[in-house]
Structure formats: C-alpha cells, structure tokens
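Every read-out reported here was derived from the displayed coordinates using simple, explicitly stated rules and does not represent laboratory data. Bear in mind that the values here come from a model prediction, so they are computed numbers and not experimental data. Neighbour counts are summed over all protein chains in view; Cβ atoms, including those assigned to glycine, are modelled from backbone coordinates with ideal geometry.
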Amino acid sequence: RPRELVKGDTTKAFERGASYLNSARTLPEIAEAREAALQQLRKVSQDEQADPPLRVGIIGEIYVQLEPFANFYLEETLGHMGVTVRRSIYLTSYTKHDVLSTRGDLRSQKLAEPYLPLRIGGHGQNSVGDVIRYSRLGYDGVVQLAPFSCIPEIVAKSLMPYLSREFGIPVLTMFIDEQTGRTGVQTRLEAFVDLMRQSREKRSAEIGAAV
C-alpha cells in the first residue's frame, strides 16, 4: 500500500486473492489459489522511485492484531499513510508456537527475559521481546494493541516507556474498548507517523553530520 500508484488497488487485489483462497477446498486448489492471489498483488502498480516507507511492527494481543474490524483496519490505515506494517503474530506462527507446542515463541521470550523474566499469560512477555526485536531490525516504530483490561498487555505496557528510550524506538499503545472509534484511532496514528518521520529525519541528519 505505501507504494501503490492508485490508492485502494492493493486492498482490492488482496480481497480478490482472499476470495480465491476461500473457495479452495483441496491442497492442490489451495496451492493454485495462493499463486493466483500472489499474482493479483504483483499486478498492483507501484511507485518504484518513492522514498523507502516507514516500517512499523504491530505487537500485542492476538485477536486485536489479527481481526481488522477489532483494530479499526489499522494495517490498511497505516498503509495509506505510507507505512509498511508487519505483525508479530500470524495464525501460522501462533499455531506452530502456541497450539502444536506449549513453549510459545522462544525468540521473543529470550529477548524479553532481562526485563520480564516470567511468562505472565497471553502475549505480554512476547510484546516486550518484540519491541526489542523490531528495534534491532531497524523498524521506525511499534504499535501495541490490546483489548481493554488485558492484564498481560497492561504489564507489558508498563515497560514500554523504558524500552522505547533504551532501544531508541517510538512505541504507541492502544487499548481497544467500546468507546474507541475509527476517527480517534486515525488521529493517533497520524500523530505517531509524524513522530516517526521526525525521528527518522533526525537520525539521518545525525549520520550525515558524523560523516
């Protein structure tokens, strides 16, 4: 979405691809539908000369991350603001780490251990480790999502200001409840995107001055 020439083309291509997968019933049909869906996305015209888009990691509670209606279509909104988004949880990774195994995502847990050494339920410990991971990967910011009163994410949230300073990455925490509206979410995201752009420009200026 950040590079698309016609706003909305990526979403339309994604929805067509999702419809192919939804109609597939056998493994060969799924493989064929997957390739057809990817072809739809490859056809989207992009601005190859555009500056590299901002990159944001999405962390937090699984349902609010995965369900667009619950997070007010946050990924799509950020994409139209010129931001590339990557979630910390996908259904395949959750199935691998938390359903077929009870160990969880050991990569994120190991990063979190110096700051939150215990698994506190939900994805709280993962959220702490994911902030560190996205910082090391060079992301411009992190958005933490959770439903109202989610205790594991509340515990993780208490560490976010420290982690943000320690690892030099902006963090926006959003707890979703019945009072949350799409306009309010968009306003907060716009302010956060401006903050990330300023942070990137500041880093670039510091690097230029050092050279």
**OP:** With a/c under 1.5 counting as rounded, go ahead and sort region 1-50 into rounded, prolate or oblate using the C-alpha gyration tensor (a ≥ b ≥ c being the square roots of the eigenvalues; past the cut-off, prolate if a/b is larger than b/c, else oblate).
**Re:** prolate
Original post:
Which ³J(HN,Hα) values in Hz, rounded to whole numbers, follow from the phi angles of region 28-44 under the Karplus curve 6.51 cos²θ - 1.76 cosθ + 1.60, where θ = phi - 60° and Gly and Pro get x?
Top reply: x, 5, 5, 4, 5, 5, 4, 5, 5, 5, 5, 4, 4, 5, 5, 6, 5
**OP:** Could you tell me whether region 75-122 comes out rounded, prolate or oblate from its Cα gyration tensor? Rule is a ≥ b ≥ c as square roots of the eigenvalues, rounded for a/c under 1.5, then prolate if a/b exceeds b/c, otherwise oblate.
**Re:** oblate
**OP:** Would you pull out the residues with amide H under 5 Å of Thr173's amide H, same chain only if 5 or more places away, H placed 1.01 Å from N?
**Re:** Gln144
Subject >> Fraction of beta bridges assigned by DSSP in the chain that are antiparallel (%, nearest 5) >> reply: 5
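Dipole size in debye (nearest 20) for region 92-178 around its Cα centre, Lys and Arg Cβ +1, Asp and Glu Cβ -1?
Working: 9 positive and 9 negative charges, 80 e Å.
In debye, rounded to 20, region 92-178 gives about 380.
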**OP:** Would you mind checking which residues have amide H under 5 Å from Met81's amide H? H placed 1.01 Å from N; only 5 or more apart, or other chain.
**Re:** none
Original post:
Between Leu54 and residues 5 or more places away or on another chain, which pairs have amide H atoms under 5 Å apart, with H built 1.01 Å from N, and which residues are they?
Top reply: Thr84
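For region 140-211, which chymotrypsin sites (Phe, Trp or Tyr not before Pro) are in a loop by DSSP, counting at most 16 other Cβ atoms within 10 Å? The partial results should precede the final answer.
Values: sites: Phe148, Tyr162, Phe167, Phe175, Phe192; in loops: Phe148.
Answer in residue order: Phe148.
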**OP:** Using only the alpha-carbon atoms of the chain, report the extent along each of the three principal axes, biggest first, to the nearest angstrom.
**Re:** 47, 46, 38
Subject >> Long-range lysine pairs (8 or more apart or interchain), the chain, Cα under 30 Å >> reply: 8
Original post:
Which value, in debye to the nearest 20, gives the size of the charge dipole of the chain about its Cα centre, when Lys and Arg are +1 and Asp and Glu are -1 at the Cβ?
Top reply: 400
Original post:
With θ set to phi - 60° and the Karplus curve 6.51 cos²θ - 1.76 cosθ + 1.60, what are the ³J(HN,Hα) couplings of region 123-134 in order, to the nearest whole Hz, using x for Gly and Pro?
Top reply: 10, x, 5, 4, 4, 5, x, 5, 4, 5, 5, 5
Original post:
Roughly how many Å is it from the Cα centre of region 166-211 to that of region 125-140, as a whole number?
Top reply: 15
**OP:** Exposed loop GluC sites (Glu not before Pro) only (DSSP loop, at most 15 other Cβ atoms within 10 Å): please give the longest stretch of the chain free of them, not including the sites.
**Re:** 49-177
